[in-house]
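J.: First the structure, which I've put down as structure tokens, then a few questions once you've had a look.
The values are calculated or read from the model by the stated rules, or taken from the named source; none is laboratory data. Since the model is a prediction, treat every value here as computed from it, not as a measurement. All Cβ positions, even for glycine, are placed from backbone atoms using ideal geometry, and neighbour counts span all protein chains on display.
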């Protein structure tokens, strides 16, 4: 089979590898599509402590079951499935409380285990045991289904932020995940959805997603504009979907009293300390929290929302490429000129 193998920062090679065979309790997946994540770009550039070269990365996974190992029940060859990549232990403090995304003993496809930038991959027994496999609705393509993983993460953030009817939601950052937050906030009933983005290209790309207001804070006074839009209240929810310390720091000042602030995007390792005005948290009774990953249930909900038309997955896809084009596609994903780029291993030479 053909696979894209990560050998180190800046070094991904397209190789022929032996076809994997499913062991007991495992499934062989023929990869239909794998979307490129910002984390994939960072691995390509800098490596990752959980990725030990040579390794096949790619964790936004959709495909069809090609073969089934001994002892597997409940699945059959030919079924189209999306796979949640976080493999949880099912036994630790967090797993026992229904928070498998915070598992103390987690492993992940595309990190610890070979991922989906290949024509075939093994779905380990631990994934089957953890309920990580969700069937793809008939009206969704593999490309759309590969978006279930990032959409599930965004949905986790929206639910933790309790976005609902009557909310004024500010989404800071109009990259792919920011655009997912726009459409999810609308689907969950927000009264007004406002986007803040300093890159004009990304701001223009995000206009496809029907927010109520689009603001470039380098051209307009963001706080004044927000107060005008919200009748002097400020946003009741602020989703910081950008890896920017300044955006996290300013969110406290922008939010309404009793506002919920979600730090969705992590900060770069060399600039990860934000200075937050704790008096604003105290006197405005703010709730500040983060989001990390998602659960298999979030993945199932993400698929259902796309199938029902509440989230238009096709709008999020800027480009579909072959596996041979992956190295160039990673460069393009880094440019900010695209939303989601999806790799289809079955196309191309």
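J.: If I ask for residues that are part of a helix (DSSP H, G or I) and touching a helix residue (DSSP H, G or I) at 6+ places or on another chain (Cβ under 7 Å), which ones from segment 179-221 would you list?
T.: To start, the set of residues in segment 179-221 that are part of a helix (DSSP H, G or I) comprises 179-187, 200-209.
The answer is 179, 180, 181, 182, 183, 184, 185, 187, 206, 208, 209.
J.: Of the residues 217, 243, only one is surrounded by 14 or more Cβ atoms within 10 Å (Cβ to Cβ), farther than 30 Å from residue 43 by Cα and either without any contact (Cβ under 8 Å) to a residue 40 or more places away in the chain or outside the structural domain of residue 42 (by TED's automatic domain parsing) (or both); which?
T.: Answer to the selection: 217.
J.: If you scan segment 82-123, which residues turn out to be surrounded by fewer than 20 Cβ atoms within 10 Å (Cβ to Cβ), assigned to a helix (DSSP H, G or I) and touching a residue at least 60 places away in the same chain (Cβ under 8 Å)?
T.: 102
J.: Look at residue 158 and say whether it is part of a helix (DSSP H, G or I), in contact with a helix residue (DSSP H, G or I) (Cβ under 7 Å, 6 or more places away or on another chain) and farther than 25 Å from residue 253 by Cα. Spell out how you get there, then give the answer.
T.: Working: part of a helix (DSSP H, G or I): yes; in contact with a helix residue (DSSP H, G or I) (Cβ under 7 Å, 6 or more places away or on another chain): yes; farther than 25 Å from residue 253 by Cα: no.
So residue 158 fails the test.
J.: Could you check, for segment 64-81, whether at least one of its residues is part of a helix (DSSP H, G or I), touching a residue at least 40 places away in the same chain (Cβ under 8 Å) and assigned by TED's automatic domain parsing to the domain that holds residue 330?
T.: Within segment 64-81, the first condition is being part of a helix (DSSP H, G or I), and the residues that meet it are none.
Checked segment 64-81: no residue is part of a helix (DSSP H, G or I), touching a residue at least 40 places away in the same chain (Cβ under 8 Å) and assigned by TED's automatic domain parsing to the domain that holds residue 330.
J.: Now, a different point. Taking residue 178, is it assigned by TED's automatic domain parsing to the domain that holds residue 234 and closer than 30 Å to residue 4 by Cα?
T.: Details: assigned by TED's automatic domain parsing to the domain that holds residue 234: yes; closer than 30 Å to residue 4 by Cα: yes.
The answer is yes for residue 178.
J.: Out of all the residues in segment 249-265, is one or more free of Cβ contacts under 8 Å to residues at least 24 places away in the same chain and in a loop (DSSP other than H, G, I, E, B)?
T.: Within segment 249-265 (the criterion being free of Cβ contacts under 8 Å to residues at least 24 places away in the same chain and in a loop (DSSP other than H, G, I, E, B)), the answer is no, since none of the residues qualifies.
J.: Further question: Go through segment 295-312 and give me each residue that's crowded, with 17+ Cβ neighbours inside 10 Å and either in contact with a strand residue (DSSP E or B) (Cβ under 9 Å, 6 or more places away or on another chain) or in a loop (DSSP other than H, G, I, E, B) (or both). Even if it seems obvious, please write down each step before you answer.
T.: First pass over segment 295-312, keeping only residues crowded, with 17+ Cβ neighbours inside 10 Å: 295-296, 298-303, 305-307, 311.
295, 296, 299, 300, 302, 303, 311, listed by residue number.
J.: Next question, about the same structure. Residue check: is residue 263 in contact with a helix residue (DSSP H, G or I) (Cβ under 7 Å, 6 or more places away or on another chain) and closer than 30 Å to residue 147 by Cα? Lay out the reasoning, then the answer.
T.: Working: in contact with a helix residue (DSSP H, G or I) (Cβ under 7 Å, 6 or more places away or on another chain): yes; closer than 30 Å to residue 147 by Cα: yes.
So residue 263 fits the description; yes.
J.: Taking segment 277-294 only, how many residues are over 20 Å from residue 185 (Cβ atoms) and either touching a helix residue (DSSP H, G or I) at 6+ places or on another chain (Cβ under 6 Å) or not in a loop (DSSP other than H, G, I, E, B) (or both)? Step through it out loud before you land on a result.
T.: Keep residues of segment 277-294 that are over 20 Å from residue 185 (Cβ atoms), which gives 277-285.
Those still in the list that are either touching a helix residue (DSSP H, G or I) at 6+ places or on another chain (Cβ under 6 Å) or not in a loop (DSSP other than H, G, I, E, B) (or both) too: 277-283.
The qualifying residues number 7.
J.: Tell me which residues, restricted to segment 165-182, are surrounded by fewer than 24 Cβ atoms within 10 Å (Cβ to Cβ) and touching a strand residue (DSSP E or B) at 6+ places or on another chain (Cβ under 9 Å). Steps first, please.
T.: To start, the set of residues in segment 165-182 that are surrounded by fewer than 24 Cβ atoms within 10 Å (Cβ to Cβ) comprises 165-167, 175.
Correct list: 167 only.
J.: In addition: Taking segment 247-267 only, how many residues are within 18 Å of residue 202 (Cβ to Cβ) and modelled with pLDDT under 95?
T.: Residues in segment 247-267 being within 18 Å of residue 202 (Cβ to Cβ) and modelled with pLDDT under 95: 1 in total.
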